[in-house]
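Scroll down for the structure; my scribbles are underneath it.
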Amino acid sequence: MKGDAYRRSWRKTQYLADLFWDRWLKEYLLQPRQKWFGAHRNLQPGDLVLVMDKSAKRRQWPKGIV
């Protein structure tokens with residue numbers, strides 16, 4: 001019986017964490033920023049980037065260097 005309650009609690013926690021990351025991605029990370037519409041430099045060799053990987057779990061995208 002205790003195991004079932006623990007499992008339900010764990011699933012709910014994971015579900016809420018997934019909801020948080022989905023909202024954070026949509027409402028914060030992917031929102032257009034005013035400063036991005038002005039002049040900016042293009043990526044250059046040596047720049048650090050975040051590589052979007054849809055198969056990675058919970059936004060654990062790898063970092064890369066251009």
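The numbers here are math on the coordinates, done by the rules we state, and not lab data. Please read all numbers here as calculations on a predicted model, not as lab measurements. A quick note on method: Cβ atoms are made from the backbone with ideal geometry, for glycine too, and the neighbour counts reach across all protein chains shown.
When shorter helices are ignored and each DSSP H run of at least 4 residues is given -39500 (n - 2.57), the per-residue value for the chain at 222 nm works out to -12000 deg cm²/dmol. Compared with the dominant Cα axis of the chain, that is its longest principal axis, helix 2-24 is turned about 20°. Dividing the convex hull volume of the alpha carbon atoms of the chain by its residue count gives 98 Å³ per residue.
Projecting label points 7 angstrom from Cα along Cα→Cβ for THR13 and LEU29 puts them 2.2 nm apart. Placing +1 on the Cβ of every Lys and Arg and -1 on the Cβ of every Asp and Glu, with nothing else charged, gives the chain a dipole about its Cα centre of roughly 280 debye.
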